[in-house]
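Engineer: I'd like to ask you about the structure that follows.
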């Protein structure tokens, strides 16, 4: 799920353990009421044989859910992490494609007007400058298509450090190796490194940015202290 703007390494443990963490935490990060809104707004109303893309798809759980709602859908998951893609492939979704890609990198492209829905979940915050990727997404969406952004938004430093500490203890990885420190010296060190990137945007920032980059925001909400969703459509070009 990493990008050129991502801190090196994973938040917790090895790539395989991080993949396992993302799998087990899916329901907590995207609760049923939010998934229901996404389904009602973006998936169920689609026409026949829709094409749904997930950028930074991780272990593929959301795309599996899409195919249970729309068995006629073709779904494509992109991720940089081979462990995530291997996990997604094991889901056995017959109408899925899993592609390793440096999403947002200079060589990343998508065909014009090729997708009905493009999602970015727990991924958008990694980008220092998301404008090139948003331009790619806007071109790739069909008229009336949906961009879905779900993920981290800005929270207070004490709240973020508390959450990361709780997650680290739960995953058994309180001390993640940090350059310049011996492992175990400072359990909070990785959380401090992560704070700036994970708290890059507010919901207002995301709305403003999408509007500026040629989208109309149809619906958005912050559903926890740390997470928000946004649904937008590309403006006519």
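Derivation of every value follows stated rules applied to the coordinates shown; laboratory data play no part. Just so it is clear, the model here is predicted, and its values are computed rather than measured. FYI the Cβ positions are ideal-geometry reconstructions off the backbone, even for glycines, and counts take in every protein chain you see.
Engineer: By count of other Cβ within 10 Å, fewest leading, how are 139, 230, 67, 211 ordered?
Structural biologist: In increasing order of surrounding Cβ atoms, one gets 211, 139, 67, 230.
Engineer: Give me 90, 29 ranked fewest to most by other Cβ atoms within 10 Å of their Cβ, as a rough exposure proxy.
Structural biologist: Ordered from fewest to most neighbouring Cβ atoms within 10 Å, 90, 29 come out as 90, 29.
Engineer: Of 188, 213, how do they rank once you tally other Cβ atoms within 10 Å and put the fewest first?
Structural biologist: 188, 213
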